[in-house]
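Derivation of every value follows stated rules applied to the coordinates shown; laboratory data play no part. The structure displayed is predicted, hence computed values, not measured ones. Every residue, glycine as well, gets a Cβ built from its backbone with ideal geometry; the counts of neighbours run over all protein chains shown.
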Amino acid sequence: MVMTLERPEVSVEQDVLPGAEQAGREIAAALMAHQPATFAIEAASISAVTEFATPLRSFLLLSGSAAGGVSVAIAPHFAEQTYPALLDLVGRLNLSGAEDLWRPDGARTVALGEARQMFISADMPVSERSPRPDRLVEVVAAHDVKADWYSSRVAPRLSGSAAVRVFYGVPGVAGSMFEAALAEAFAEETMTGAPRRFSLEDSRVVTRAASGRAGIGGLR
């Protein structure tokens with residue numbers, strides 16, 4: 001008796017991740033609608049992240065000066081990531097004519113009116129009690145941040161569930177917050193149809209393997 005084993009039909013689908021311009025539009029739309037969302041943005045260069053993120057941080061400070069709101073940028077290292085990002089924001093505010101409007105508010109916090117932008121690094125945490133972020137939460141180099149560290153140290157400090165979360169990093173690091181963010185962003189894309197994964201590098205092709213009619217796939 002000869003037994004044959006049928007192999008399910010496998011198809012390979014390829015998606016090109018949208019770039020920085022569309023990422024900015026989607027994040028801004030979620031912020032303005034006060035709609036919670038998770039974005040995963042592939043970026044190997046810290047300078048590329050700073051160039052993309054500084055205008056967004058500046059915009060939130062200026063637009064929220066009357067209504068308020070707290071945003072935070074989290075990074076693994078103070079010297080390499082946190083301090084340069086803080087300086088870049090201050091420089092942009094000064095160039096925009098807001099040099100007399102913003103002020104320091106405690107350690108590593110820039111305030112403009114009622115709005116706050118905090119900068120936190122894992123290797124040099126701020127000991128003083130800080131306000132709870134409720135607008136934008138960014139994690140830079142999220143591939144160097146453990147998912148369990150984020151869930152135990154960061155998530156409990158967030159104010160409610162309205163914050164927009166943006167994770168920058170490179171894929172492929174098991175157990176990292178960026179891998180968790182990629183999975184969450186992909187799930188949101190599936191549910192809402194809105195793009196949640198982007199790339200600040202050259203457009204990157206994401207391969208998804210689908211088996212059978214269900215079309216179940218995963219990030220590669």
| query | Any residue at all in region 48-65 that is in contact with a Leu (Cβ under 6 Å, 6 or more places away or on another chain) and part of a loop (DSSP other than H, G, I, E, B)? | reply | yes
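From the list 103, 157, 135, 129, exactly one residue is touching a helix residue (DSSP H, G or I) at 6+ places or on another chain (Cβ under 8 Å) and not aromatic (Phe, Trp, Tyr). Which is it? Even if it seems obvious, please write down each step before you answer.
Working: 103 fails: touching a helix residue (DSSP H, G or I) at 6+ places or on another chain (Cβ under 8 Å); 157 fails: touching a helix residue (DSSP H, G or I) at 6+ places or on another chain (Cβ under 8 Å); 129 fails: touching a helix residue (DSSP H, G or I) at 6+ places or on another chain (Cβ under 8 Å).
So the residue among 103, 157, 135, 129 that is touching a helix residue (DSSP H, G or I) at 6+ places or on another chain (Cβ under 8 Å) and not aromatic (Phe, Trp, Tyr) is 135.
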| said: What pairs come out if I take residues in region 15-28 that are in a strand (DSSP E or B) and pair them with residues that are among the hydroxyl-bearing types (Ser, Thr, Tyr) whose C-beta lies under 8 Å away, six or more apart or interchain? | reply: 16/203
| task | Scan region 115-155 residue by residue and report those that are among the aromatic types (Phe, Trp, Tyr) and in contact with a Lys or Arg (Cβ under 7 Å, 6 or more places away or on another chain). | result | 119
| message | Regarding region 48-69, can at least one residue be identified that is of a type in the set (D, E, K, R) and over 24 Å from residue 17 (Cα atoms)? | response | no
| residue 154 fails exactly one of the following numbered conditions: (1) in contact with a Ser or Thr (Cβ under 6 Å, 6 or more places away or on another chain); (2) part of a helix (DSSP H, G or I); (3) touching a residue at least 40 places away in the same chain (Cβ under 8 Å). What is the number of that condition? | (1)
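So how many residues does region 86-118 have that are of a type in the set (S, T, N, Q) and more than 15 Å from residue 71 (Cβ to Cβ)? If you could, list the steps in order and put the result at the bottom.
In the first step, residues of region 86-118 are kept if they are of a type in the set (S, T, N, Q); the result is 94, 96, 109, 117.
This time we only want the ones that are more than 15 Å from residue 71 (Cβ to Cβ), so: 94, 96.
Total satisfying the criteria: 2.
Every residue, every condition in (1) surrounded by 16 or more Cβ atoms within 10 Å (Cβ to Cβ); (2) over 19 Å from residue 85 (Cα atoms), yes or no:
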position: 26; (1), (2): yes, yes
position: 29; (1), (2): no, yes
position: 32; (1), (2): no, yes
position: 37; (1), (2): yes, yes
position: 45; (1), (2): no, no
position: 56; (1), (2): yes, no
position: 61; (1), (2): yes, no
| field | Yes/no for residue 183 being surrounded by fewer than 17 Cβ atoms within 10 Å (Cβ to Cβ), within 14 Å of the chain's Cα centre (by Cα) and in a helix (DSSP H, G or I) | value | yes
